[in-house]
Amino acid sequence: MDFELTADQREIQNLTRELAEAEIVPNASAWDREHRFPDELLPKLAELGLMGVCVPEEYGGAGADFLSYILVLEELSRADAGVGVTLSVHTSATTLPILAFGTEEQRSRFVPPLARGEQLGAFALTESSSGSDAASLRTTAAAVDDGWKLNGSKQWITNGSRAGTFVLFARTDPRTEGARGISCFVLDALHVRVTREEEKLGLNSSTTSDLVLEDVHVETDRLLHDEGRGFRVAMATLDGGRIGIAAQALGIAQAAYDVARKYAQERVQFGRPIADFQAIQWKLADMATEIDAARLLTYRAAWLKQQGRSHTAEGAKAKLFTSEMARRQTAEAIQILGGYGYTKEFPVERYYRDAKITEIYEGTSEIQRLVIARSILGQQSSEVAPTPQGTHP
Ligand code: CAA
């Protein structure tokens with residue numbers, strides 16, 4: 001067992017940290033206050049290869065491994081969790097499923113613009129009446145002579161108003177209820193209409209949109225993987241995506257801990273820095289321990305994925321533990337800062353608001369427990385996404 005990052009992984013981690021400190025940290029609270037998506041940041045991420053960090057070079061990516069990508073998400077989320085989710089959905093939920101399930105033609109057509117950051121990706125699964133019960137989705141794709149005609153609506157789509165490429169799920173067999181009648185499509189921005197931008201508790205530098213599809217005609221080459229196998233694409237995609245959300249939660253918790261520790265060493269009450277008091281020491285000790293445990297779970301899940309091994313339960317465990325830990329520990333960071341923590345003078349109130357969503361999207365904590373329980377009880381029916389030659393070295 002080797003707990004050391006490789007030289008390449010450390011280099012990508014340092015590069016991302018430098019970029020985050022220079023370009024994101026100074027702006028994050030303004031983006032939050034103004035609810036502003038930082039369009040100007042994406043070319044800078046692209047220039048460093050971060051828009052396709054774990055995509056093979058032949059498809060326009062940086063050719064790094066999956067753990068490197070997880071390190072990137074952690075570092076970006078430490079600076080701004082909205083930027084973290086933007087990149088996570090773009091990569092884990094859009095680029096990687098096309099790479100894993102696409103034909104060679106689809107891979108070479110759709111992946112390079114995403115990996116080079118010329119286009120942003122979005123993942124359109126959720127609808128107003130299908131959230132945790134994803135298989136109950138109602139958007140339809142009817143077979144027509146030369147392709148498919150799609151109708152329906154999608155809700156809470158991260159990157160929805162900025163994306164150029166959508167991985168979208170629709171029911172192709174109206175006679176079949178549940179997972180079996182669902183197929184997956186790759187669509188362009190011109191195929192969807194954005195109807196609403198969500199107002200959220202946090203993650204204000206990311207966009208979350210509602211979409212409609214009205215008699216959208218696409219050719220047969222837009223079907224990703226086999227007809228009727230789309231739900232499996234969604235589930236396998238979320239298996240990896242959940243590791244990315246764990247990394248996002250980890251970055252948020254680390255940021256909160258950094259601020260709380262520094263504050264505790266500087267803030268004097270009763271004639272001493274408050275870090276001298278055992279009440280505060282134990283809070284910091286618990287934070288450091290839980291962050292460590294979360295990091296180990298998250299990196300292990302990433303390692304399993306890049307080995308091409310099953311990571312369904314391990315990814316769910318990483319997301320479950322890390323997101324709940326981030327919610328708990330960002331609250332503790334506010335407690336350490338006291339009144340200051342509740343104000344916008346310090347960023348911990350933003351971390352607290354941002355952490356909450358990691359317990360909800362890409363599967364609630366309750367759904368993660370269901371996935372883990374099925375695995376413990378031998379009821380899990382997952383498959384590892386096929387890995388094209390040269391992907392995730
Ligand atoms: N990998 C591959 N296939 C899988 C799988 C996996 N991990 N898990 C299940 N499947 C397959 C099954 O084998 C089964 O296939 P067959 O029909 O061929 O046998 C099919 O999928 C249906 O499986 P289940 O019977 O287990 O499905 P279910 O209806 O019981 O649902 C669930 C399972 C885990 C609850 C699922 O609905 C789920 O994950 N819900 C949460 C939805 C979610 O995470 N949404 C996130 C939205 S995206 C987002 O949040 C992005 C963002 O903005 C950050």
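The values are calculated or read from the model by the stated rules, or taken from the named source; none is laboratory data. Computed from a predicted structure; not experimentally measured. Note that we place each Cβ from the backbone using ideal geometry, even for glycine, and neighbour counts take in every protein chain shown. Heads up: the accessible areas ignore ligands, DNA and RNA and are worked out on the full protein's heavy atoms, side chains in. Shrake-Rupley method; radii C 1.70, N 1.55, O 1.52, S 1.80 Å.
Summary table
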quantity: Rounded accessible area of Lys344 (nearest 10 Å², 1.4 Å probe); calculated: 120 Å²
quantity: Most mobile listed residue (Leu213, Leu71, Leu96) in the chain, GNM with C-alpha springs under 10 Å; calculated: Leu213
quantity: Dipole of the chain, positive end: most advanced residue of Pro174, Gly228, Gln281 [Cβ charges, Cα centre]; calculated: Gln281
quantity: Accessible solvent surface per residue of segment 268-328, calculated while the other protein chains remain in place, 1.4 angstrom probe, Å²; calculated: 49 Å²
quantity: Positive dipole terminus of segment 231-377, leading residue within Gly240, Ser323, Tyr352 (C-beta point charges); calculated: Gly240
quantity: MRE, 222 nm, helices only [DSSP H, n ≥ 4, -39500 (n - 2.57), over the chain, to nearest 500]; calculated: -15000 deg cm²/dmol
quantity: Stretchable slack from Glu345 to Arg374, in nm (0.36 nm times residue separation minus alpha-carbon distance); calculated: 6.0 nm
quantity: Distance-filtered residues of segment 146-165 - backbone nitrogen under 17 Å, label point 7 angstrom along Arg196 Cα→Cβ; calculated: 152-161
quantity: Helix 81-90 axis, angle to the chain major axis (alpha carbon atoms, nearest 10°); calculated: 20 degrees
quantity: Accessible area of segment 1-48 belonging to carbon and sulfur atoms, whole % at 1.4 Å probe; calculated: 48 percent
quantity: Rg ratio (alpha-carbon, reference 2.2 N^0.38 Å) - segment 122-228; calculated: 1.03
quantity: Within segment 122-228: Cβ-based charge dipole about Cα centre, in debye rounded to nearest 20 (Lys, Arg +1; Asp, Glu -1); calculated: 280 debye
quantity: Reduced Cα scattering model of segment 144-296, Debye log10 I(q)/I(0), q = 0.09, 0.10, 0.16, 0.18 Å⁻¹; calculated: -0.49, -0.57, -0.95, -1.10
quantity: Value of relative contact order over the chain, rounded to a whole percent, pairs C-alpha under 8 Å and six or more apart; calculated: 18 percent
quantity: Length gained when the stretch Ala142-Gln278 is fully extended (0.36 nm per residue, less Cα-Cα span); calculated: 42.5 nm
quantity: Residue-normalised accessible area of segment 155-228, expressed per residue, 1.4 Å probe, Å²; calculated: 45 Å²
quantity: Solvent-accessible area, 1.4 Å probe, carbon plus sulfur percent, for segment 122-228; calculated: 45 percent
quantity: Nitroxide proxy distance, nm - points 7 Å out along Cα→Cβ at Ala46 and Ala331; calculated: 4.1 nm
quantity: Cβ charges +1 (Lys, Arg) and -1 (Asp, Glu), total dipole of the chain, debye; calculated: 1020 debye
quantity: Kirkwood hydrodynamic radius of the chain, Cα pairs, Å; calculated: 21.2 Å
quantity: Nearest 10 degrees, 0 to 90: helix 230-266 Cα axis against the chain principal axis; calculated: 10 degrees
quantity: Proximal charge balance of Gly181 [Cβ under 15 Å; K/R count +1, D/E count -1]; calculated: 0
quantity: Percentage relative contact order, segment 7-119, counting C-alpha pairs under 8 Å, at least six apart; calculated: 30 percent
quantity: Around Gly339: net Lys/Arg minus Asp/Glu count, Cβ-Cβ under 13 Å; calculated: 0
quantity: Per residue, in Å², the accessible surface of segment 7-119 once ligands and nucleic acids are set aside, probe 1.4 Å; calculated: 35 Å²
quantity: Cα long-axis angle, helix 278-306 against the chain (0 to 90 degrees, to the nearest 10); calculated: 30 degrees
quantity: Cα-Cα over 22 Å, subset of Lys200/Lys356; Lys149/Lys200; Lys283/Lys356; calculated: Lys149/Lys200
quantity: Scattering profile of segment 7-119 at q = 0.13, 0.17, 0.18, 0.21 Å⁻¹ [log10 I(q)/I(0), Debye over alpha-carbon scatterers]; calculated: -0.46, -0.76, -0.84, -1.09
quantity: With every protein chain in place, segment 231-377: carbon and sulfur % of accessible area (1.4 Å); calculated: 55 percent
quantity: Cβ-placed point charges (K, R +1; D, E -1), dipole of segment 7-119 about Cα centre in debye, nearest 20; calculated: 220 debye
quantity: Normalised contact order of segment 231-377, rounded percent, pairs of Cα under 8 Å and 6 or more residues apart; calculated: 33 percent
